[in-house]
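The values are calculated or read from the model by the stated rules, or taken from the named source; none is laboratory data. What you see is a predicted model; the values in this text were computed from it and never measured. Cβ coordinates were reconstructed from backbone atoms using ideal geometry, including for glycine residues, and neighbour counts include every protein chain displayed.
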Amino acid sequence: MNLFQAILLGLVQGATEFIPISSSAHLIIIPWLFQWDDPGLAFDVALHLGTLVALLIFFARDWIRLFRAGIQSILSLRATFAKQSPNRELEIASGENRPRNDTTRGDDVDRRLAWWIVIGSIPGASAGVLFESKIEELFHAPNAQHNTGAMIAMGVIIALLGAALFIAERIARHTRALNQVSLKDAILIGCAQALALFPGVSRSGATITAGLALGLEREAAARFSFLLSAPIIAGAGAKSVFDLARKGIAPSELIFFGVGMLSAAISGYLCIAFLLRFLQRNSTDLFVYYRWLLAALVIGVAVARG
């Protein structure tokens, strides 16, 4: 790896992690197209940390508010545990059916959202523990470069998610705001996030598609998608850091680690801001068409290379 590759892959990771076009696919496709070597575990850790930093900084106020609401929810649950029946615990914790005024209404929204993020993260985390290593063996760059079938499969996945996003734009009226996200929404969107293990699906693509299909406003679907992704990205990053700590990092890789992380953080932050603003007035069709063009390119090159 050289400095140019580190900067480019960092920028690509930060951008494609949040725009619904699949970061994992792009990080496989670009080295595959240009026949670059696998950047390695240390660089993968840097990219995870960079996108996590972007999420934490951009939504800093949201995280503080949600963390505070979550703590208050747990304390409220403990205080009322002995007085309520077991099937009321989650309702109490999320703040439902409490007497409301302007202050408690905002607190209740944050409490629910904090719980929905935790609950919605469970399907993706479970799928990652069970299936991530097997999927990586099939699709990760060193193997994929010599596996025409894997690259064609990735191209098909890219196209199919594009089709799903295209349909989701048209089957529901996108009128529900972020404060109207329900437990059912969180579970279904969380299940969609689990599909992001397959390169080409896209974590943001799957969750935004699910949100749109459930009738969320475009910006609300994207915002919930980003908030929901943080625990999964943090978990994947922690696992990668643990693996790296056992393996160690060569001094020569430190510069690429820092450059990749910084590039991913900057481009990630900018692309979060861009997408939220873009979706206030535009549909996701631009990303659908991009996915279809990318799928055609991947399949065409894979077939040509044999």
Checking the structure you have, find out if any residue of region 213-221 is part of a strand (DSSP E or B) and modelled with pLDDT of 95 or more. yes
Members of region 31-52 found to be out of contact with any Leu (no Cβ under 9 Å at 6 or more places or on another chain) and assigned to a helix (DSSP H, G or I), listed by number: Trp32, Phe34, His48, Leu49, Thr51, Leu52
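Look at region 7-26 and say how many of its residues are more than 12 Å from the chain's Cα centre (by Cα) and surrounded by fewer than 24 Cβ atoms within 10 Å (Cβ to Cβ).
First, pick out the residues of region 7-26 that are more than 12 Å from the chain's Cα centre (by Cα): 7-12, 25-26.
With the extra rule that they be surrounded by fewer than 24 Cβ atoms within 10 Å (Cβ to Cβ), the set shrinks to 7-8, 11-12, 26.
Residues meeting the conditions: 5.
Quick test for you: out of Leu11, Leu27, pick the one residue that is closer than 30 Å to Ser283 by Cβ, modelled with pLDDT of 95 or more and either part of a helix (DSSP H, G or I) or in contact with a Cys (Cβ under 8 Å, 6 or more places away or on another chain) (or both). If you could, list the steps in order and put the result at the bottom.
Numbers: Leu27 fails: modelled with pLDDT of 95 or more.
After applying the criteria, what remains is Leu11.
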Is there a residue in region 37-48 that is at pLDDT below 95, surrounded by fewer than 23 Cβ atoms within 10 Å (Cβ to Cβ) and farther than 22 Å from Lys239 by Cβ? yes
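Provide a single number: the residues in region 294-306 that are under 29 Å from Arg170 (Cβ atoms) and surrounded by 13 or more Cβ atoms within 10 Å (Cβ to Cβ).
Applying the first criterion (under 29 Å from Arg170 (Cβ atoms)) to region 294-306 yields 294-300.
From what's left, surrounded by 13 or more Cβ atoms within 10 Å (Cβ to Cβ): 294-299.
Counting residues in region 294-306 that are under 29 Å from Arg170 (Cβ atoms) and surrounded by 13 or more Cβ atoms within 10 Å (Cβ to Cβ) gives 6.
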How many residues are over 19 Å from the mean Cα position of the chain (by Cα), surrounded by 12 or more Cβ atoms within 10 Å (Cβ to Cβ) and outside any helix (DSSP H, G or I) if we restrict to region 247-281? 1
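For every residue, the table says whether it meets (1) aromatic (Phe, Trp, Tyr); (2) more than 30 Å from Pro31 (Cα to Cα); (3) without any contact (Cβ under 8 Å) to a residue 60 or more places away in the chain; (4) in a helix (DSSP H, G or I).
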site: Ile152; (1), (2), (3), (4): no, no, no, yes
site: Val156; (1), (2), (3), (4): no, no, no, yes
site: Glu169; (1), (2), (3), (4): no, yes, no, yes
site: Arg173; (1), (2), (3), (4): no, yes, yes, no
site: Gln193; (1), (2), (3), (4): no, no, no, yes
Could you go through region 226-243 and let me know if any residue there is at pLDDT 95 or above and among the small types (Gly, Ala, Ser). yes
Being of a type in the set (S, T, N, Q) and out of contact with any helix residue (DSSP H, G or I) (no Cβ under 6 Å at 6 or more places or on another chain) is the filter here, so list the residues in region 213-252 that pass it. Ser252
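Would you mind stating whether Ile266 is touching a helix residue (DSSP H, G or I) at 6+ places or on another chain (Cβ under 6 Å), under 18 Å from Glu17 (Cα atoms) and hydrophobic (A, V, I, L, M, F, W, C)? Show your work before the answer.
Values: touching a helix residue (DSSP H, G or I) at 6+ places or on another chain (Cβ under 6 Å): no; under 18 Å from Glu17 (Cα atoms): yes; hydrophobic (A, V, I, L, M, F, W, C): yes.
For Ile266, the condition - touching a helix residue (DSSP H, G or I) at 6+ places or on another chain (Cβ under 6 Å), under 18 Å from Glu17 (Cα atoms) and hydrophobic (A, V, I, L, M, F, W, C) - is not met.
Give Ala194, Ala177 a once-over and let me know the one that is small (Gly, Ala, Ser) and surrounded by fewer than 21 Cβ atoms within 10 Å (Cβ to Cβ).
Ala177
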